[in-house]
Amino acid sequence: MKKTTLFSAIILITAFSRLFAQYDNEPVNLSSSILNKSEDKLVFGGYGQVDFYKPFDDGRRMNSTLDVTRLILSMGYNFSSKTSFFSEIEFEHVRELFIEQAFVNHSFVDAFNFRAGLMLVPMGIINEYHEPTTFNGVNRPSVDNLIVPTTWREIGIGLTGRFLEQGLKYQVYLFNGFSGHDGTKGLITGERFLRDARQRGARAIMSAPDLSFKLDFFGISGLKLGLSGYFGQTESALLRNVEKTNDLAVAKADSSVVGLTMAGLDARYNIGGLSLRGELILASLSNTGAYNGLTGNNAGSQVYGFYGEIAYNLIRNSDSGYGLTPFFRYENYNTHYKVVQSVTKLDKYEINEFVFGIGCRLAEGAALKTDIQIAKPSDGSSVRKTFNAGVALWF
Amino acid sequence: MKYIVLVISCILLTDGDLREEYRVAADKNIIAVLGKGELKENKSIEGKEFYFFLSENGNDKSHVVFSSAPGRYDKFDYMIILSPDLVIKNIKILKYRSEFGYEISNKGWLRQFYDKPGTTFEYRKTIDALSGATYSAPSLVEDVNKIISYLRDENKQR
């Protein structure tokens, strides 16, 4: 009994000494206690880029463009150790305001998380990792702009998990699809593919969800491999109040919908100062005969894009903290790889692109970039040449 | 009274105790790297928990440290095993919360820290940059250096 009392007394003393110890510290005011709390719960961050574009052509005079291409403020809140919220509010070209992500994540275990809200569709490298200090060059790769319409985000629900030991990550989602028709015109074209058909979670219409998945493997040092897939149908405003018995209206609405299958492979490898990355995206649209017939558009039925990039950090061994990374990227993409018979195949939609430049890291998360971008359409029409320079930030 | 004492002691023992939280995974890892033995509490600094490992035959006196370091949007927890002369033998990421930077859990990448006596690690120089982990990787490097420097100071004082 005595032992128990002694034991209890020791624990009580320890407890009180720990409790009182809090008061030994500097006085706590309201703002510092809120800050301490926010350290745990509320998280802020952001990224952005401010750019200069100078097209050049031997025979013409052309204006340059200066643009705050994007500025994003991200905010997260940890409700508990298992439940969190993440959001990104984006300003594009100063005036355009978007919500880029807004979703809640609930983690049952590391390998099994549920999430719902406005999320990024996992396809290729850049759509998920689009912060400007994570890629070389002022502009995102064209394949990740035209073939994968970065930033591609829609409202959905999904499951995701990681197996750290095995180096595996999976994501499976049901997302709302693209809008193929806004009620007056078709939004998928040969020239811009799916870019104008993104609904971005803004009063988006839906008839049925699409399936999206990505598997990532990071079990080998320096290597990251990804396999992504997307399967579904586009949505259409023509499906509003269509009487099921009205054959003509049903046929018209059906013609405004295309099926979309997209698959992607991506790889990144870092060793020493050398970094390599590559990506291949294949997409297939079904029903483009009826769709193009209805809308007068010229959407291709098969589309592809790929790129390979090599970069080397020249001053990785200096103590300065600076980085100086020249890079070269070759891209090839074609939004008219295959077309249905009624559509004239346009060779100008196959483009060979060469980008070479240099990035200067000022600090982790802040860089200056400059490059030259040369895009050659396969029909022999004029080559687009641009000098780009910009500031890239991520914090 | 006993119950109150029990409750208070439970709070004290579990509050912020990384060792307690990851006991199963950590013990498995310690046995794999050092063999059987027990941990003896050394000290706790800035949320880092320092332990001595005492092997069954009593010869070994390695260090086992549990720590948390900031990732981009959330901290991550890890453990590190060092030999008595402060050479890293193993690092294991126990919990990675954030969406970015989980690639640091890659065993091959972590191996760059192992068996390098007297080194202060430098991200990109002695430790390769890691795709997708632009924040967590340098953060881990910094935290590991901090742990080594604490232990080095302690060794000097003896």
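Using per-residue counts of other Cβ atoms within 10 Å, averaged over each peptide, order A:73-81, B:139-147, A:350-358, A:116-124 from highest down. Don't jump to the answer; show the numbers that get you there.
Details: A:73-81: 15.1, B:139-147: 20.2, A:350-358: 18.4, A:116-124: 23.3.
Final packing ranking: A:116-124, B:139-147, A:350-358, A:73-81.
Strictly greater than 41 Å: what percent of every Cα pair in the protein assembly as shown meets that? Each step should come with its number before you reach the end.
Values: 50825 of 152628 pairs.
In whole percent, the long-distance tail amounts to 33.
Taking the Cα centre of the protein assembly as shown as origin, sum charge times position over the Cβ atoms of Lys and Arg (+1) and Asp and Glu (-1), and report the length of that vector in debye to the nearest 20.
Working: 63 positive and 62 negative charges, 104 e Å.
Result for the protein assembly as shown is approximately 500 debye, rounded to the nearest 20.
Of A:G321, A:N297, A:A283, which is farthest towards the positive pole of the stretch A:277-342's charge dipole, taken about the Cα centre with +1 and -1 on the beta-carbons of Lys, Arg and Asp, Glu respectively?
A:N297
Got a sec to turn the phi values of the stretch A:83-92 into Karplus ³J(HN,Hα) couplings, 6.51 cos²θ - 1.76 cosθ + 1.60 with θ = phi - 60°, whole Hz, x for Gly and Pro?
Each residue's phi maps through the Karplus curve to give 10, 9, 10, 9, 9, 9, 10, 10, 9, 10 Hz.
Residues of A:219-228, mean number of Cβ from any other protein chain within 10 Å of their own Cβ, rounded to a whole number?
Working: counts 5, 4, 10, 9, 5, 6, 0, 0, 0, 0.
Other-chain Cβ atoms within 10 Å of each residue's Cβ, averaged: 4.
I need the semi-axes of the equivalent ellipsoid of the stretch A:147-223: take the C-alpha gyration tensor, multiply each eigenvalue by 5, square-root it, list largest first in whole angstrom. Can you show the working numbers first?
On the way: eigenvalues 199, 47, 12 Å².
Semi-axis lengths for the stretch A:147-223 are 32, 15, 8 Å.
Let me know the Rg and Dmax you get for the stretch A:126-279 when you use only its Cα atoms, in Å.
18.4, 66
Would you mind telling me which residue in A:T335, A:T83, A:T189 has the biggest mean-square fluctuation in a Gaussian network model of chain A, where springs connect alpha carbons within a distance under 10 angstrom?
Judging by the Gaussian network model, the answer is A:T83.
Where does the stretch A:246-362 land on Rg/Rh, using Cα atoms and the Kirkwood Rh?
On the way: Rg = 21.2 Å, Rh = 17.3 Å.
For the stretch A:246-362, the value is 1.23.
Rg and Dmax in Å for the stretch A:304-395, alpha carbons only: what are they?
Rg and Dmax of the stretch A:304-395, Cα atoms, are 17.6, 62 Å.
Could you name the lysines whose alpha carbon sits less than 30 Å from that of A:K385, not counting residues in the same chain fewer than 8 places away?
Straight-distance partners of A:K385: A:K54, A:K338, A:K345, A:K348, A:K369, A:K376.
Hull surface divided by four, with the convex hull built on the Cα atoms of chain B: how many nm²?
On the way: hull surface 43.5 nm².
Over all viewing directions, chain B projects a mean Cα-hull area of 10.9 nm².
Determine the shape class of the stretch A:106-175: with a ≥ b ≥ c the square roots of the Cα gyration tensor eigenvalues, call it rounded for a/c under 1.5, and otherwise prolate if a/b is greater than b/c, oblate otherwise.
Oblate, since a/c reaches 1.5 and b/c is not below a/b.
Given the DSSP H assignment, sum -39500 (n - 2.57) over each helix run of at least 4 residues in chain A and divide by its residue total; what's the result at 222 nm in deg cm²/dmol, nearest 500?
Helix-only estimate at 222 nm: -4000 deg cm²/dmol.
Expressed as a fraction of 2.2 N^0.38 Å, the rule-of-thumb size for a compact globular protein of N residues, what is the C-alpha radius of gyration of the stretch A:45-143?
Against the empirical 2.2 N^0.38 Å value, I get 1.41 for the stretch A:45-143.
Under the classification rounded if a/c is under 1.5, otherwise prolate if a/b is larger than b/c and oblate if not, where does the stretch A:94-134 fall, given a ≥ b ≥ c as square roots of the Cα gyration tensor eigenvalues?
Details: a/c = 2.82, a/b = 1.56, b/c = 1.80.
Note, shape of the stretch A:94-134 comes out oblate.
Averaged over peptide A:75-81, how many Cβ atoms belonging to another chain are found within 10 Å of each residue's Cβ?
2
Taken together, the values in this text are just the output of simple stated rules run on the coordinates, not laboratory data. Only a predicted model underlies this, so the values are computations on that prediction, with no experimental measurement involved. Please note: Cβ atoms are built from the backbone with ideal geometry, for glycine as well, and neighbour counts cover all protein chains shown.
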